[in-house]
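Taken together, the values in this text are just the output of simple stated rules run on the coordinates, not laboratory data. As the structure is a computational prediction, the values presented were derived from the model and not from experiment. Glycine gets a Cβ as well: all are built from the backbone with ideal geometry, and neighbour counts include every protein chain shown.
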Amino acid sequence: MNSNRHSIPLVLSFFTVGFIGILNHEIWGDEFQAWMIARDSSSIIHLFQNLRYEGHPGLWYLGLYLITRFTHNPLFMQIYHLFIATVTVYILAKFSPFTNLQKWLLAFGYLSLFEYCLISRDYAIGVLFVYVFCALFPYRQKGYLLLSLVLFLLSNTNIYGLIIAITLGLTLVFDYLLKQPKLPQKKWDIILSIFIFISGIIICLIQIIPPADADFASAWNFEFYWPRFTDSLYTLTRSYIAIPTVWEYNFWNKCLVDWVTGEAVFALISSFPQARFNDSLLGIQLYRLIISVSIIIFVIGLFWRKPVVLFMYTCGTLGILLFTYVKFFGYIRHHGHLFILLIACLWISHYYQESNFWVNFINLRMPRLISNFFNIHQSAKKYHQILFWGILFVNMVGGVFALSSDIVHPFSESKAVANFIRQQNFNHIPIIGSVDSSASTQAGYLDRKIYYPESDRLGTFIIWDDQRENLNIREVIESARKFVYTNSRDTLLLLNHTPDNTKDLEFTSLIPQYFNSSYVISNVKHFDESIMTQENFTLYMIKHK
């Protein structure tokens with residue numbers, strides 16, 4: 001355990017860099033969705049009613065709810081999130097067994113610094129409780145109550161936190177069964193801890209199971225489909241080597257490793273005279289499958305002589321990959337939980353001596369497999385530090401690049417649009433926003449309701465029910481026409497459809513079909529410098545003559 005002399009400089013540096021980052025980070029739609037749900041809920045009961053369609057449990061939202069009782073300034077959400085991320089780094093710096101340099105690299109890696117610090121979502125609080133669990137793990141001999149409370153909270157952070165919490169709970173059970181004589185035999189402690197743990201899971205499931213009319217990520221996929229299988233397995237590689245495409249302006253949700261295993265492989269295979277398009281795609285899938293399977297075998301080989309850690313890694317990794325395949329594929333912020341699980345496994349592995357448990361167990365059934373895994377284990381022990389250092393350095397490059405880009409360029413144009421509306425004294429004018437999931441940022445920054453054509457509703461946060469529809473540009477304009485005619489007022493129309501759909505000429509050519517000659521439509525301003533292309537906007541004024 002390191003002293004504060006080593007941990008405080010890291011924590012202060014992380015907080016300082018993170019604070020500079022949040023001051024220069026424009027809040028995007030998903031961040032504002034949680035903030036507005038909390039802000040616009042009149043009570044805690046109302047808050048949980050508003051969470052029905054989110055697919056997220058309420059722990060993060062409860063914190064935001066308390067903040068919004070005192071202020072509607074979303075900067076305080078970012079400060080709250082930075083505080084969570086900083087405490088997470090403190091736990092890592094103070095209690096983890098990694099070297100000082102490894103802790104610095106972990107703290108300033110892409111996931112820790114950007115996805116789980118600058119972007120205010122409920123994933124950072126989940127990482128915090130994973131690290132708290134790891135720090136408390138050596139004290140399980142004294143009882144399980146504190147660990148069960150941590151798992152209760154972890155279960156109610158997000159679906160990935162739930163999967164990891166179940167994994168950690170089962171790991172405690174497995175550890176207890178292996179070392180039963182050395183661990184506490186107090187029945188009340190065990191029974192109460194199990195009750196708390198299971199209660200956390202049940203409470204989370206009650207919250208995240210969607211209503212019958214939910215219309216977001218509601219489908220399940222239980223049929224085997226080869227491309228989805230390889231892509232799901234490949235998310236493990238993306239999570240371990242989480243560096244964005246540093247040569248691209250619009251880098252977010254794009255990984256450098258995707259280019260290495262995708263475009264580069266495609267170009268290589270396509271260079272052969274007889275190569276076909278399908279051959280290139282199959283080659284990419286096979287290449288990614290080989291890499292991902294090799295990583296899994298390597299890590300299993302590394303933990304081969306530590307049965308509890310191997311159990312934890314295998315269960316958690318399979319759980320997250322299974323959810324990715326059957327329910328929600330996700331993005332790097334979701335896949336990153338595979339990396340957090342790996343860090344937790346490496347952390348907890350320092351608490352165990354090597355054991356022959358799996359060796360003896362499998363040797364009775366498949367003796368040849370033992371010799372093969374022994375060789376893998378020796379290689380993994382020899383080279384894992386080199387690979388770990390490499391991963392940490394690569395991720396740190398990704399973190400510094402993402403932070404720098406976010407400071408220099410707007411992550412979203414949402415704040416610029418809101419500032420422009422205020423400067424032009426347009427804040428009193430009704431706003432039509434489409435696509436709603438991006439245009440809703442104006443309801444966040446301006447603290448007011450806007451009209452969403454996708455759901456034909458006036459509101460702030462998005463309600464993901466079956467009333468909401470995906471509309472093309474013509475349907476959006478038709479909906480805007482009805483809204484304008486009904487209200488008989490000058491109206492702002494904010495669009496963020498694909499660039500082809502927001503070109504002035506195309507939009508102008510559609511106007512005569514929907515508006516009569518008593519209205520004048522003008523292009524007020526185009527905002528197109530966002531890192532995330534989904535939040536570039538064009539602002540129009542629909543004015544009555």
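Apply the a/c threshold of 1.5 to the C-alpha gyration tensor of segment 85-134 and tell me whether it is rounded, prolate or oblate. Oblate is the answer for segment 85-134, as a/c is 1.5 or above yet b/c matches or exceeds a/b. Using the average count of surrounding beta-carbon atoms within 10 Å as a protection proxy, the listed peptides 49-55, 386-392 rank, highest first, as 49-55, 386-392.
For Lys327, the residues whose amide H sits under 5 Å from its own are Asn221, ignoring neighbours fewer than 5 places away on the same chain, with H placed 1.01 Å from N. Among the lysines of segment 414-544, pairs at least eight places apart or on separate chains and with Cα atoms under 23 Å apart come to 11. Over the chain, dividing the summed -39,500 (n - 2.57) contributions of all DSSP H runs of at least 4 residues by the number of residues returns a 222 nm mean residue ellipticity of -19500 deg cm²/dmol. Sequence-ordered 3J(HN,Hα) estimates for segment 340-353 from the Karplus curve with 6.51, -1.76 and 1.60 and θ = phi - 60° stand at 4, 4, 4, 4, 4, 5, 4, 4, 5, 4, 6, 8, 10, 8 Hz, glycine and proline given as x.
Near Glu454, the amide H atoms lying under 5 Å from its own belong to Asp436; only residues 5 or more places off or on other chains count, and H is placed 1.01 Å from N. Once mean projected area of the Cα convex hull in nm² is calculated for the structure shown, the corresponding label among (1) 31.2; (2) 32.9; (3) 29.4 turns out to be (3). Between the C-alpha center of segment 210-230 and that of segment 119-153 there is a gap of 30 Å.
Straight-distance candidates among the aspartates and glutamates for linking to Lys306, with alpha-carbon spacing under 18 Å and chain neighbours fewer than 8 residues away dropped: Asp175, Glu354. Net charge in the neighbourhood of Pro9 (other residues with Cβ under 13 Å of its Cβ; Lys, Arg +1, Asp, Glu -1) is +3.
Count Lys and Arg as plus one, Asp and Glu as minus one, and take only other residues whose Cβ is under 12 Å from that of Gln353; the net charge is then +2.
Sorting 338-347, 402-411 by average packing, meaning the other beta carbons within 10 Å per residue, from highest down gives 338-347, 402-411. Ordering 241-253, 112-124 by mean Cβ neighbour count within 10 Å, with the highest value first, yields 112-124, 241-253.
A simple count of charges around Arg228, restricted to other residues whose Cβ falls under 13 Å of its Cβ and scoring Lys, Arg +1 and Asp, Glu -1, yields 0. In order along segment 291-301, the Karplus-derived 3J(HN,Hα) couplings, from 6.51 cos²θ - 1.76 cosθ + 1.60 at θ = phi - 60°, round to 4, 5, 5, 4, 5, 4, 4, 4, 5, 4, x Hz, and Gly and Pro are given as x. A dipole drawn for the chain from +1 and -1 charges on Cβ atoms has a positive end, and of Ser437, Ile290, Ser405 the residue lying farthest that way is Ile290. Please say if segment 414-544 is rounded, prolate or oblate, where rounded means a/c under 1.5 for a ≥ b ≥ c the square roots of the C-alpha gyration tensor eigenvalues, and otherwise the choice is prolate for a/b larger than b/c and oblate otherwise? Here segment 414-544 falls in the rounded category.
Using only side-chain charges placed at the Cβ, +1 for Lys and Arg and -1 for Asp and Glu, the dipole size of segment 414-544 relative to its Cα centre rounds to 540 debye. Once the Cβ-Cβ distance of Asp456 and Val173 is raised to the sixth power relative to R0 = 45 Å, the FRET efficiency obtained is 0.35.
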